[in-house]
Amino acid sequence: MAVLGRSLKQTICQDYKSLRDVVHKVMALQSATRCFIHNAEEALGTSFWGDVVLSSLPTEVSSYEEEDKTSHQKHTENIELAFDTSFFKTQYEFTFPEKAIAVALRRPEERSPQDIRFIRSMMMGILSFRRYSTHMQLMLARVVYYRRFGRGRVIVRKGHRGDSFYFVFSGVIAVTQDVDGRSALLDPEPILLHKGTSFGEVALLKGLRRNATVICMEDTEFLVVDRKEFFRNKLDQELQKELQFRFQFFRYLDLFSSWSDESLETLADHCKIEECTHSQVIVNDTSETKNIIFVTKGRCEVLRLVDLSQCPSFLKWLKQHDVLLGPSSLLTHTGRSVQNTRVQGDTSHGKKDAGGGLISDSRLVPGRSISVENIAQRNGLPVSYSETLKGLVLPQDLVAGVYLRIDSIHPGQYFRGVDVDYIESCLEREGRLIPEQTLTFIPTDSPRDPRSMVIVSQGADIIRIKLDKFTELADLKTLKKLKSEMTGYPSDNDLCRVFLEQNKWKVFKSDLVNCLSSTPSLHPKLYPHMEKGKGDRNQQCADRSGILQLGTRKTRSAKFWTTPINPKAPEPGRKDHKPHNSTQGSIRLIHGIDIPKLCGKRVMW
Ligand SMILES: Nc1ncnc2c1ncn2[C@@H]1O[C@@H]2COP(=O)(O)O[C@H]2[C@H]1O
């Protein structure tokens, strides 16, 4: 028994040692990365935090007020930014070089093998071109010619004869169903095609007229293949495969089981596969979108910006910590129940207010007493909630928002929050929905979730179809399926509960790592500047990580946050750039909460 115990102890010691080693290695790597970031920050004169760039001197000046300034100016002037993707873009889009233009304007027979290789290497930046065999690429490099058009110029017109096939080298174009293409400039959600895509194959392959109008949204460069070369180089065979893939994708889906092959072919002709990079926003506001999104490859996530201050679970959680940490450590109290303080709404989905109306998504008045009774009641929570939270004052510092995953979309699936009411109203307008049928379709238990969500690519190929086109081809069975597959998403309060649980686990993990290993210190001779300001820097790092620091607030003016949010920036998903009223403008984005310590121990609820 003693021998067994000893060997067990030895094994545990060994495991512990190897875990320590691993943790040490990870910490060393982390240190090296920090040094690298620090040096990069010094070189660029700016500061990074993950994807977020922070100015070193935050001001209240809004970058949105200065839209005419270039993004470069925005950075150099240190204007407070929450997230500016332009920082990660090259300053200038790569356009077709002069030398390549000169070659691409020559006739095919005048191009030397070297010219052809040069054009091919330039065209390798076009994703749809890269897919072809080397042989095909060289053939195309010999025959393509260069064209450049400005914003508003129609490239192909719906109903016209098609004589060319186009690759987009730079710029953006829009595909519309109106003949003059003007709707693209007014449509809040036009179908846009970017660099790397191609179009104009349908009319050539099928011998039909153009099925859409394509218009330039900005200066755009094209490499064009004319009809003769298109068939001579057997490009038709390659593009036929793409059409076939889209058709087969739809044919395989249960949603389209009632559709004829002809309808599905038409649908396949009216869409393209978009390759979306990781973290690319596909739909900014699902409550507004009039498109249906299918995923053919990879994965997309549906995210919801949850305002924690509107979630009873968060308020209760704060209150519990507040009680443990002593009076007024986090919250202040009026000492009495507040009955009539204004709360503008509730974020939980599908709940009805006393008047029977659907409660809209909005914010409470920060820094004032909040009628928690009201919030609890609207979230369908027991009275005990409101009893616990009576007279609570939530300071402005604690008004925080967090993006939480509400759903994932995998290959063969589509976003289930499709605007079926819109489809139904279109069918009704066209007289395709007879009254008896309408009655059988009336949704009962699972209405469409009206909340605003964001669809983000995790590295996915998607197909985006306008609901107008979809409705043109859809039958009543499809509508019924769309409705039956519409399931309710969790309420904001439920999401908040999951977030608090996950946050607890994250804090535990980070404590464990800290306990197992201390960060290897940097050599003071090598990094004297880092040693000097070590305290400040650590403080800043903690601040910059988007973590809400609880329990460190000394004064009302103390900064809790470092993920600055532009007070005038629209909430993600909102199209209107009108500033919110002052009560709605100050929500801060976080991704974690640092749970306070009591006598050196975490207060874990
Ligand atoms: N919904 C759509 N999304 C992307 N591309 C489209 C869409 N509809 C049509 N197209 C392209 O626009 C082109 C218009 O001319 P074609 O009909 O020859 O070929 C068409 C397709 O290549």
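Laid out as a table, the results:
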| quantity | calculated |
| --- | --- |
| In the stretch 216-250, the residues that are of a type in the set (A, V, I, L, M) and in a helix (DSSP H, G or I) | 235, 239, 243 |
| Qualifying residue in the stretch 242-251 (condition: of a type outside the set (Asp, Glu), modelled with pLDDT of 95 or more and away from the ligand (no atom under 15 Å from the Cβ)) | yes |
| Of all residues in the stretch 462-488 being part of a loop (DSSP other than H, G, I, E, B) and away from the ligand (no atom under 16 Å from the Cβ), the one that is surrounded by the most Cβ atoms within 10 Å (Cβ to Cβ) | 486 |
| Residue in the stretch 445-459 that is more than 26 Å from residue 176 (Cβ to Cβ), surrounded by fewer than 19 Cβ atoms within 10 Å (Cβ to Cβ) and modelled with pLDDT of 90 or more present | yes |
| Close pairs (6 angstrom Cβ cut-off, 6 or more residues apart or separate chains): in contact (Cβ under 8 Å) with a residue 12 or more places away in the chain and away from the ligand (no atom under 15 Å from the Cβ) in the stretch 146-162, part of a strand (DSSP E or B) and among the acidic types (Asp, Glu) anywhere | 148/221 |
| Residue check, residue 178 touching a strand residue (DSSP E or B) at 6+ places or on another chain (Cβ under 8 Å), without any contact (Cβ under 8 Å) to a residue 40 or more places away in the chain and not aliphatic (A, V, I, L, M) | yes |
| Selection status of residue 169, touching a residue at least 60 places away in the same chain (Cβ under 8 Å) and within 13 Å of the ligand (Cβ to nearest atom) | no |
| Unmet requirement for residue 158, which otherwise passes all of (1) surrounded by fewer than 16 Cβ atoms within 10 Å (Cβ to Cβ); (2) part of a loop (DSSP other than H, G, I, E, B); (3) basic (Lys, Arg) | (1) |
| Test: residue in the stretch 217-237 that is among the polar types (S, T, N, Q), in contact (Cβ under 8 Å) with a residue 60 or more places away in the chain and surrounded by fewer than 21 Cβ atoms within 10 Å (Cβ to Cβ) | yes |
| Looking only at the stretch 489-520, and only at residues there that are under 21 Å from the mean Cα position of the chain (by Cα) and part of a loop (DSSP other than H, G, I, E, B), the one that is surrounded by the most Cβ atoms within 10 Å (Cβ to Cβ) | 491 |
| Residue 277 surrounded by fewer than 15 Cβ atoms within 10 Å (Cβ to Cβ), outside any helix (DSSP H, G or I) and either more than 28 Å from the chain's Cα centre (by Cα) or not aliphatic (A, V, I, L, M) (or both) | yes |
| Qualifying residue in the stretch 292-310 (condition: at pLDDT below 95, within 16 Å of the ligand (Cβ to nearest atom) and hydroxyl-bearing (Ser, Thr, Tyr)) | no |
| Search result, residues across the stretch 190-215 that are in contact with a Phe, Trp or Tyr (Cβ under 9 Å, 6 or more places away or on another chain), assigned to a strand (DSSP E or B) and either near the ligand (Cβ under 6 Å from one of its atoms) or of a type in the set (A, V, I, L, M) (or both) | 193, 199, 214 |
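The values are calculated or read from the model by the stated rules, or taken from the named source; none is laboratory data. Nothing here was measured: the structure is a model prediction, and the numbers come from that model. Cβ coordinates were reconstructed from backbone atoms using ideal geometry, including for glycine residues, and neighbour counts include every protein chain displayed.
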